[in-house]
Amino acid sequence: VGGEWAVFGLARSGVAVPKEYFEVYGENVAAYTAEHGGVLHAKKYTEYSRVILAWTALGKDATDVGGFNLLVPLVDFDQTVFQGINGPIFALLALDSGNYEIPENPDAAVQATRQMYVDELLARELPDGGWTLTGGEADVDITAMTLQALAKYREQPEVEAAVERGLAVLSSLQEPDGGYASWGSSNSESVAQVIVALTELGVPLDDARFVKNGVTVEDALLRFAQESGAFVHVLDS
């Protein structure tokens, strides 16, 4: 537990991976979950979301991980939103990754629904659009991740309006070279989050709103590619 993003990325990529790689991961996660009585973290419920996303990407059922249903903690609304906006963002992404039915959680003071998490994200929108982890200015990564979580709910007028405002914010935050900066540095991950948001929303990567001086977000991401095939976090390091 802790290496889910690598597994998630590989599972969704279609790249040929030795079967044993995923098998060993599955065995390790099942054993870890069983050993800890199904408790991955007492406060950070994104731990459950992250494992669910990787587990589901492998074609596995998150209702049985080492004998435990990892969806159950995400039904505790108060605990899930406790850590901040990341909680509801990733709860929705995890629940929707396998189109899971929400189970009952008898220990939850407030039984969550998908709509409650959607409403929580709408309530956290900044006055001028977009979302942030802390403070009053929109953050690229958090705004992009929120848009990813809300993408499946755009039939709701309030969601559609918030999504359009979020896209406008992301367009305004794009740098003249087509890239994105977060926490003071232009980096590949922020560009990647925007690309995931745009593709999930069906927005072409060459949409005029996201082309600056002839440079698309895809062009911006490829600037971080190295001759070795690796990508760097920031260009000067």
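The values are calculated or read from the model by the stated rules, or taken from the named source; none is laboratory data. Predicted model only: the values in this text are computed from it and were never measured. Neighbour counts are summed over all protein chains in view; Cβ atoms, including those assigned to glycine, are modelled from backbone coordinates with ideal geometry. SASA here: full protein model, heavy atoms, side chains in, ligands and nucleic acids out. Shrake-Rupley method; radii C 1.70, N 1.55, O 1.52, S 1.80 Å.
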Residue set Leu133, Leu122, Leu167; condition touching a helix residue (DSSP H, G or I) at 6+ places or on another chain (Cβ under 6 Å), in a helix (DSSP H, G or I) and either of a type outside the set (D, E, K, R) or open to solvent by 30 Å² or more (accessible area, probe 1.4 Å) (or both); output residue Leu122
Going through (1) closer than 17 Å to Ala144 by Cβ; (2) surrounded by fewer than 15 Cβ atoms within 10 Å (Cβ to Cβ) one by one, Phe90 fails only at (2)
Scanning region 180-199 for residues that are among the hydrophobic types (A, V, I, L, M, F, W, C) and surrounded by fewer than 17 Cβ atoms within 10 Å (Cβ to Cβ), the one nearest to the chain's Cα centre (by Cα) turns out to be Val196
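Here's the yes/no breakdown for (1) open to solvent by 40 Å² or more (accessible area, probe 1.4 Å); (2) of a type in the set (A, V, I, L, M, F, W, C); (3) at pLDDT 95 or above:
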position: Val1; (1), (2), (3): yes, yes, no
position: Arg12; (1), (2), (3): yes, no, no
position: Val15; (1), (2), (3): yes, yes, no
position: Pro18; (1), (2), (3): yes, no, no
position: Glu27; (1), (2), (3): yes, no, yes
position: Tyr32; (1), (2), (3): yes, no, yes
position: Glu35; (1), (2), (3): yes, no, yes
position: Gly38; (1), (2), (3): no, no, yes
position: Tyr45; (1), (2), (3): no, no, yes
_Checking the structure you have, find out if any residue of region 78-89 is farther than 24 Å from Asp141 by Cβ and either outside any helix (DSSP H, G or I) or hydrophobic (A, V, I, L, M, F, W, C) (or both)._
no
Leu95: passes all of (1) assigned to a loop (DSSP other than H, G, I, E, B); (2) modelled with pLDDT of 95 or more but (1)
Going through region 200-225 in order, the residues found to be open to solvent by 80 Å² or more (accessible area, probe 1.4 Å), on the phi < 0 side of the Ramachandran plot and not basic (Lys, Arg) are Glu200, Asp206, Ala208, Glu218, Leu222
